[in-house]
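The values are calculated or read from the model by the stated rules, or taken from the named source; none is laboratory data. Predicted, not measured: the structure shown is a model, and the values here were computed from it. Positions of Cβ are backbone-derived with ideal geometry, glycine not excepted, and every protein chain shown enters the neighbour counts. SASA here: full protein model, heavy atoms, side chains in, ligands and nucleic acids out. Shrake-Rupley method; radii C 1.70, N 1.55, O 1.52, S 1.80 Å.
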Amino acid sequence: MEREHAGFSQRELARRTETTQAVVARLELGGDQRMPSLALISKLLHAAGAKLGYALLPPVLRPADYNYAE
């Protein structure tokens, strides 16, 4: 976990990103149905010394998507 690797408590990371410890804990547990904003995730990672990377990938085809008749 980036937060622990950076040596921060949940409370310290929350303070650095102007959010609450409860928000950090909820995100780390992963059981919350709410989707955090990309801005919040980026802010948390940046505060912990990490970077957010992403890539656009083509959709994954399922077997039902193939046309075997051709």
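Brief remarks follow.
- What a 1.4 Å probe finds exposed on the chain is 57% carbon and sulfur by accessible area, rounded to a whole percent.
- Rounded to the nearest 20, the size of the Cβ-charge dipole of the chain about its Cα centre is 340 debye, with Lys and Arg at +1 and Asp and Glu at -1.
- For the stretch 11-61, GluC sites (Glu not before Pro) are listed when DSSP marks them as loop and at most 12 other Cβ atoms sit within 10 Å of their Cβ; the list is Glu18.
- Ranking Leu44, Leu56 by solvent-accessible area of protein heavy atoms (1.4 Å probe, all protein chains present), from largest to smallest, gives Leu56, Leu44.
- Largest GNM mean-square fluctuation across Arg16, Arg26, Arg34, computed for the chain with C-alpha springs under 10 Å, falls on Arg34.
- Rolling a 1.4 Å probe across the protein heavy atoms gives the stretch 1-56 an accessible surface of 77 Å² per residue.
- Under the combined filter of DSSP loop state and at most 12 neighbouring Cβ atoms within 10 Å, the chain retains these chymotrypsin sites (Phe, Trp or Tyr not before Pro): Tyr54, Tyr66, Tyr68.
- Helix content alone sets the calculated 222 nm mean residue ellipticity of the chain: runs of n ≥ 4 DSSP H residues at -39500 (n - 2.57) each, divided across all residues, give -11000 deg cm²/dmol.
- Principal-axis tilt of helix 38-47 within the chain, Cα atoms, nearest 10 degrees: 50
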